[in-house]
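**Student:** Structure in structure tokens, see below.
The values are calculated or read from the model by the stated rules, or taken from the named source; none is laboratory data. A quick note: this is a predicted structure, and the numbers were derived from the prediction, not measured. Because the Cβ atoms are built from the backbone with ideal geometry, glycine has one as well, and the counts that use them run over all protein chains shown.
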Amino acid sequence: MILNLKAYSAYRDSSVEWLGAVPAHWKVRRLKQVAILNPGKAEARALLEQDAPVTFLPMERVYADGRIGAIEYLPISSVWNGFTYFRRGDVIIAKITPCFENGKGACLDALPTEIGFGSTEFHVLRAGSSITARFLYRITTLPDFRRLGADAMSGAAGQQRVPESFLANFIAPLPPLPEQTAIVRFLDYVDWRIRRYVRAKQKLVKLLEEYKQALIYQAVTGKIDVRTGNPYPAYKDYGVEWLGKVPMHWEVLPGRAMFREINDRGHPDEQMLSVTITRGVLCQADLLVDGSRKDSSNEDKSNYKLVQPGDLVYNKMRAWQGAVGVSAYRGIVSPAYIVQRLRSAENLPRYMHFLLRTPLFTAEAERWSYGIASDQWSLRAKEFKCIYFSLPPLHEQTAIVRFLDAQTAKIDAAIAATRSEIELLREYRERLIADVVTGKVDVREVAARLLEEPAEEEAELEDLEETAEGEAADNEAAAETFSEEEDKP
């Protein structure tokens, strides 16, 4: 990226523990001395009288890298009350957990309307004469700013917020204005380069995941014979849309012929299991919620269902999202989960695991789910019995499992390596920003030599979409882990 950045020639002690030494010519100030916090909206009353359209920013439109998504315009009268006010050039910061810790915030120097409104969970900072808005925003991205803000939060669990007093009294480095401009120019350039690289790596991960899913589907539905790499000689259409045509010698059977429901209860001392969207059945000990393990020791588990290795388990409220898998563990699951066991030893649980975790089966599960709204859809056991599955002879199931275990292991390794590259680059970006904003390295000469990067409107739009997908993926573990409380009948 950019190497051999040098330190400043002279430093002095800032007397701030997290900041340490700063360049000798820099100042150190509390944010309330250089910015206005949460300014009032009285200055915009003239626009209210005109009922002018203004920008509206809900929390989900603000990303962790400082950019904002699709712009929404609303009449000012519809948002005047009950929302957070800001104007072009202000800096917004999410104040509620976990959005604050995740870094949601932005400098609104390109706000398309003069003023705007947004989520009530934003704090607003307005730069004064001694600081630029974009440098002010960079201060709010510092890891120590996020760490100390999280420590200052108050409120009930899950609803904790950073108080305004933390922002007011946060002590930050303050270089001269020309130097702030140079720092921002340098960091904008670095961000542009890193985003471009990450975007390419994210596309590679997406392609690998799509290839993996296509390979699994082709193998478990007989589109290719994994022993030869070619199609089978003859196929038959059984009228099952999600399977398509299957090899002539394969069977296609309904769930009732292949599985029997298991309701073995009264084993409260067994380990807890859950069904995740991304990985299938996992042990509770392997799942993290908000950075700590969920404690279920005080729950009454006497009515939970026993699961044996090889059993199919699905979360009936989330099967349509892919929360289904064959367990490799013995344990117990919520009474709201469905446990099914293969009727015959001629059927391999591992083959069924691959088949059931294809996107097309997920779509079939959605088709058979019952409910008036998506958050109430339920794949009940009686509907599961009606779903048809493809079933090759045992020796072919064995060949398919061996082939997919080997191939998916290679693909998963490539995906993991690519994601590791992305994470390392993000860590590098975070460290570099901290070093530059706090004066550990001097970027003035480098910034002066940087060329303007070309506009990438289409690519930037794709990047924003991938940023949103990435943030969703980062939060998926919390979203898909134990949901017994909401699932309990």
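**Student:** Name, by its number, the condition in (1) out of contact with any strand residue (DSSP E or B) (no Cβ under 8 Å at 6 or more places or on another chain); (2) aliphatic (A, V, I, L, M); (3) more than 30 Å from LEU425 (Cα to Cα); (4) in a helix (DSSP H, G or I) that does not hold for ALA168.
**Tutor:** Failed condition: (1).
**Student:** Could you please let me know if PRO233 is assigned by TED's automatic domain parsing to the domain that holds CYS386 and under 14 Å from GLU396 (Cα atoms)?
**Tutor:** For PRO233, the condition - assigned by TED's automatic domain parsing to the domain that holds CYS386 and under 14 Å from GLU396 (Cα atoms) - is not met.
Residues are listed down the side, and each one gets a yes or a no for (1) farther than 20 Å from VAL240 by Cβ; (2) in the same structural domain as SER344 (by TED's automatic domain parsing); (3) in contact with a Phe, Trp or Tyr (Cβ under 9 Å, 6 or more places away or on another chain); (4) modelled with pLDDT of 95 or more:
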{"site": "ALA373", "(1), (2), (3), (4)": "yes, yes, no, no"}
{"site": "TRP377", "(1), (2), (3), (4)": "yes, yes, yes, no"}
{"site": "LYS382", "(1), (2), (3), (4)": "no, yes, no, no"}
{"site": "TYR388", "(1), (2), (3), (4)": "no, yes, yes, yes"}
{"site": "PRO392", "(1), (2), (3), (4)": "no, yes, yes, yes"}
{"site": "HIS395", "(1), (2), (3), (4)": "yes, yes, no, yes"}
{"site": "ILE400", "(1), (2), (3), (4)": "no, yes, yes, yes"}
{"site": "THR408", "(1), (2), (3), (4)": "yes, yes, yes, yes"}
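**Student:** Now for a separate question. Out of curiosity, is GLU364 modelled with pLDDT under 95 and assigned by TED's automatic domain parsing to the domain that holds VAL313? Walk me through it before giving the result.
**Tutor:** On the way: modelled with pLDDT under 95: yes; assigned by TED's automatic domain parsing to the domain that holds VAL313: yes.
So GLU364 passes the test.
**Student:** Still on this model: Which condition number in (1) assigned to a helix (DSSP H, G or I); (2) modelled with pLDDT of 90 or more; (3) surrounded by fewer than 19 Cβ atoms within 10 Å (Cβ to Cβ); (4) in the same structural domain as LEU306 (by TED's automatic domain parsing) is the one that ALA285 fails?
**Tutor:** Every listed condition holds for ALA285 apart from (2).
**Student:** Free of Cβ contacts under 8 Å to residues at least 24 places away in the same chain and in contact with a strand residue (DSSP E or B) (Cβ under 9 Å, 6 or more places away or on another chain), is that true of GLU383?
**Tutor:** Yes: the conditions hold for GLU383.
Conditions tested, residue by residue: (1) surrounded by fewer than 16 Cβ atoms within 10 Å (Cβ to Cβ); (2) among the polar types (S, T, N, Q).
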position	(1), (2)
ARG138	no, no
THR141	no, yes
ARG147	yes, no
ALA156	yes, no
VAL162	no, no
ILE171	no, no
GLU179	no, no
ALA182	no, no
TYR189	no, no
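**Student:** Restricting to the stretch 347-379, and then to whatever is assigned to a helix (DSSP H, G or I) and polar (S, T, N, Q), can you tell me which residue is surrounded by the most Cβ atoms within 10 Å (Cβ to Cβ)?
**Tutor:** Ranking the candidates gives THR362 first.
**Student:** Under the condition of being touching an Asp or Glu at 6+ places or on another chain (Cβ under 8 Å) and not aromatic (Phe, Trp, Tyr), which residue from the stretch 6-21 is farthest from PHE170 (Cα to Cα)?
**Tutor:** So, considering only residues that are touching an Asp or Glu at 6+ places or on another chain (Cβ under 8 Å) and not aromatic (Phe, Trp, Tyr), the one farthest from PHE170 (Cα to Cα) is LYS6.
**Student:** Right, next: For the stretch 230-250, enumerate the residues that are surrounded by 14 or more Cβ atoms within 10 Å (Cβ to Cβ) and either touching a Ser or Thr at 6+ places or on another chain (Cβ under 9 Å) or in a strand (DSSP E or B) (or both).
**Tutor:** Those that are surrounded by 14 or more Cβ atoms within 10 Å (Cβ to Cβ) and either touching a Ser or Thr at 6+ places or on another chain (Cβ under 9 Å) or in a strand (DSSP E or B) (or both): TYR235, TYR238, VAL240, TRP242, LEU243, GLY244, LYS245, VAL246, PRO247, TRP250.
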